[in-house]
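Student: Below are the structure tokens for one structure; questions will follow.
No lab work stands behind these numbers, since they all come straight from the coordinates. Remember, it's a predicted structure, so these values are computed and weren't measured experimentally. All Cβ positions, glycine included, derive from the backbone under ideal geometry; neighbour counts span all protein chains shown.
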Amino acid sequence: MTDSWLELPEHTGFGLGNLPYGIIVHGRSAPQPAVAVGADALPLGAAAEAGLFDGVLPDPAILAAPTLDRLLAAGPAGWRAVRARVAELLTGRGHANVVRPLLLPLESVSNPLPFTVADYVDFYSSRHHAENLGRLFRPDSAPLLPNWTHLPVGYHGRAGTVVVSGTPITRPHGQRLPAPGAEPVLGPTIRLDIEAEVGFVVGVPTRLGQTVSVDEFTDHVFGAVLVNDWSARDIQAWEYQPLGPFLGKSFATSVSPWIVPLDALDEARVAPPAQDPAPLPHLLGDHWGYDLALQVELNGTVVSRPPFAGLYWTPAQQLAHMTSNGASLRTGDLFASGTVSGPEPAQRGSLIELTWNGAQPLRLADGSTRTFLADGDTVVLGGTAPGRDGTQIGFGTVTGTIQSR
């Protein structure tokens with residue numbers, strides 16, 4: 001994009017090629033949609049009130065709503081129109097005198113959850129992650145179960161416990177086995193874990209019975225966020241057979257406050273890994289992975305750098321499979337990749353892998369060690385993608401601090 005009249009910080013991840021969307025609150029003002037640019041936020045509600053979006057949307061008032069829900073539902077034509085107008089406002093010098101007074105420093109605003117989460121689905125699409133867990137828990141069997149290379153395995157989570165970055169995470173209580181062969185006990189998890197993931201936000205809904213093909217991914221998905229799907233491994237291990245994750249996952253899932261639009265990730269598209277055996281027809285079509293570099297910090301120490309580009313099942317395949325039975329999409333649906341892990345030990349996106357189920361504790365910069373999370377620990381996930389002309393697309397961060405009940 002053309003240079004902006006706004007002075008942007010060097011190496012910003014929120015440049016003109018990104019323009020991510022979120023909800024901001026400034027002082028006592030009502031929540032409103034905004035676009036992050038450099039170190040500032042452009043409040044879209046205030047801009048619409050000033051007439052800067054007249055003629056861009058049939059109803060510019062959707063830019064003054066307290067969530068992004070109405071903008072998500074506007075569809076690709078509306079998304080492109082708003083994005084083009086924001087870029088025009090930030091590059092056309094004739095707009096500077098009107099737009100500049102509207103800008104708010106990012107440090108001066110707070111960020112509520114940007115959209116109403118309608119449904120939440122979490123996949124299990126990283127082959128390295130799935131194989132690591134298979135080796136840990138089924139050492140005498142093949143690391144992957146037979147269905148894994150035929151379909152994107154997933155589970156339905158709890159939409160009501162998806163929270164925005166910065167929300168404290170209360171250590172969950174649940175049933176667990178204190179030792180093999182013992183009777184179960186009820187109490188706080190002692191194996192609290194993280195899962196570094198990328199999530200995708202649905203804008204355009206479908207009717208019940210309608211399927212979405214791999215080729216229709218961009219017709220329905222608005223953008224991407226970072227996700228930390230917190231997991232209580234001991235609760236999960238006791239409860240998940242035969243129906244899968246339940247209370248070990250449903251207590252909290254954290255998302256980053258800024259949604260990076262899919263259009264901002266065009267330069268990050270990469271060919272997906274080879275899939276063998278060939279997927280069934282509903283999982284074939286024009287699809288791609290994304291070259292996203294993730295980073296996991298625990299109490300200020302970088303403990304992992306998971307690469308998203310190697311994800312076996314692509315986001316388009318996840319969406320196609322999720323709707324292949326006719327399940328409807330709703331505006332605000334969130335589906336996440338599952339833990340992202342790479343082939344190297346330092347690329348594993350969960351503590352259960354990084355510590356090999358507690359057998360190899362992590363040493364942090366302060367000299368302490370961790371197998372799983374302690375009360376007071378703070379986890380920060382970050383992520384970037386390549387942009388046009390050597391620029392960088394930033395996702396911001398998703399942060400959570402563990403507290404006792």
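Student: Just need the relative contact order of the stretch 78-228 here, percent rounded to a whole number, with Cα pairs under 8 Å and 6+ apart. Write down the numbers at each step before the final one.
Tutor: Working: 118 pairs, mean separation 23.9, N = 151.
Relative contact order here is 16 percent.
Student: May I ask for the distance between the Cα centers of the stretch 382-405 and the stretch 90-137, given as a whole number of Å?
Tutor: First find each Cα centre; the distance between them is then 8 Å.
Student: A further question follows. Can you give the angle from 0 to 90° between the axis of helix 127-137 and the longest principal axis of the chain, with both taken from C-alpha atoms, to the nearest 10?
Tutor: It works out to around 30 degrees.
Student: For the stretch 44-61, what does the Karplus curve 6.51 cos²θ - 1.76 cosθ + 1.60, with θ = phi - 60°, yield as ³J(HN,Hα) per residue in whole Hz, taken in order and with x for Gly and Pro?
Tutor: 6, x, 5, 5, 5, 5, 7, x, 6, 10, 4, x, 7, 10, x, 9, x, 5
Student: Give the long-range amide H neighbours of VAL163: residues separated by 5 or more places, or on another chain, with amide H under 5 Å away, using H modelled in the peptide plane at 1.01 Å from N.
Tutor: THR253, SER254, VAL255
Student: Based on alpha-carbon centroids, what's the gap between the stretch 271-297 and the stretch 158-193 in Å, whole number please?
Tutor: With the stretch 271-297 and the stretch 158-193 each reduced to a Cα centre, they are spaced 31 Å.
Student: Which net charge results for the neighbourhood of LEU351, defined as the other residues with beta-carbon distances under 11 angstrom from its beta-carbon, given Lys and Arg at +1 and Asp and Glu at -1?
Tutor: Neighbour charge sum, excluding LEU351 itself: 0.
Student: Pop out the ³J(HN,Hα) list for the stretch 232-245 in order, Karplus 6.51 cos²θ - 1.76 cosθ + 1.60 with θ = phi - 60°, rounded to Hz; leave Gly and Pro as x.
Tutor: Calculated HN-Hα couplings, in order: 9, 5, 6, 5, 4, 5, 7, 9, 6, 8, x, 9, x, x Hz.
Student: Arranged by the count of other C-beta atoms within 10 angstrom, fewest first, what order do LEU192, LEU243, LEU226 take?
Tutor: Numbers: LEU192 24, LEU243 8, LEU226 28.
So the ranking, lowest neighbour count to highest, is LEU243, LEU192, LEU226.
Student: Which one of THR371, PHE308, SER4 is farthest out on the positive end of the charge dipole of the chain, using unit charges on Cβ (Lys, Arg +1; Asp, Glu -1) and the Cα centre as origin?
Tutor: Towards the positive end, the residue furthest out is THR371.
Student: Order of 251-259, 338-346, 53-61 by packing, highest average Cβ count within 10 Å first? Can you show the working numbers first?
Tutor: Values: 251-259: 25.7, 338-346: 20.6, 53-61: 14.6.
Answer by packing, highest mean first, reads 251-259, 338-346, 53-61.
Student: Right, next: Scan around GLN392 for amide H atoms under 5 Å from its own, H built in the peptide plane at 1.01 Å from N, and keep only partners 5 or more places away or cross-chain.
Tutor: Residues meeting the amide H criterion: GLY387.
Student: Non-local amide H neighbours of THR323 (under 5 Å, H modeled in plane, Pro and chain starts lacking H): which ones?
Tutor: Residues meeting the amide H criterion: VAL212.
Student: Quick one: grab the alpha carbon gyration tensor of the stretch 332-374, order the square roots of its eigenvalues as a ≥ b ≥ c, and give me rounded if a/c is under 1.5, else prolate or oblate depending on whether a/b is larger than b/c. Each step should come with its number before you reach the end.
Tutor: Working: a/c = 2.57, a/b = 1.84, b/c = 1.39.
Here the stretch 332-374 falls in the prolate category.
Student: While we're looking at this one, here's another question. Using the Cα centre of the chain as the reference point, and only Cβ charges (+1 on K/R, -1 on D/E), how large is the resulting charge dipole? Debye, rounded to the nearest 20. Walk me through the numbers on the way to the answer.
Tutor: Working: 25 positive and 38 negative charges, 134 e Å.
Dipole of the chain, to the nearest 20 debye: 640 debye.
Student: Based on the mean of other beta carbon atoms within 10 Å per residue, what is the order of 393-404, 351-362, most packed first?
Tutor: Order by mean packing, descending: 393-404, 351-362.
Student: Could you work out the relative contact order of the stretch 1-119, using alpha carbon pairs under 8 angstrom and six or more residues apart, expressed as a whole percent? All intermediate terms of the calculation are to be shown ahead of the outcome.
Tutor: Working: 177 pairs, mean separation 37.7, N = 119.
Relative contact order comes out at 32 percent.
Student: Okay, moving on. Okay, helix-only estimate at 222 nm for the chain: each DSSP H run of n ≥ 4 adds -39500 (n - 2.57), divide by all residues, round to 500 deg cm²/dmol; what do you get? Walk me through the numbers before you get to the answer.
Tutor: Values: 9 runs with 66 residues, N = 405.
Rounded to the nearest 500, it is -4000 deg cm²/dmol.
Student: In percent, what relative contact order does the chain have, based on Cα pairs under 8 Å that are 6 or more apart in sequence? Mind showing how you got there, number by number?
Tutor: Numbers: 971 pairs, mean separation 85.5, N = 405.
Relative contact order for the chain comes out at 21 percent.
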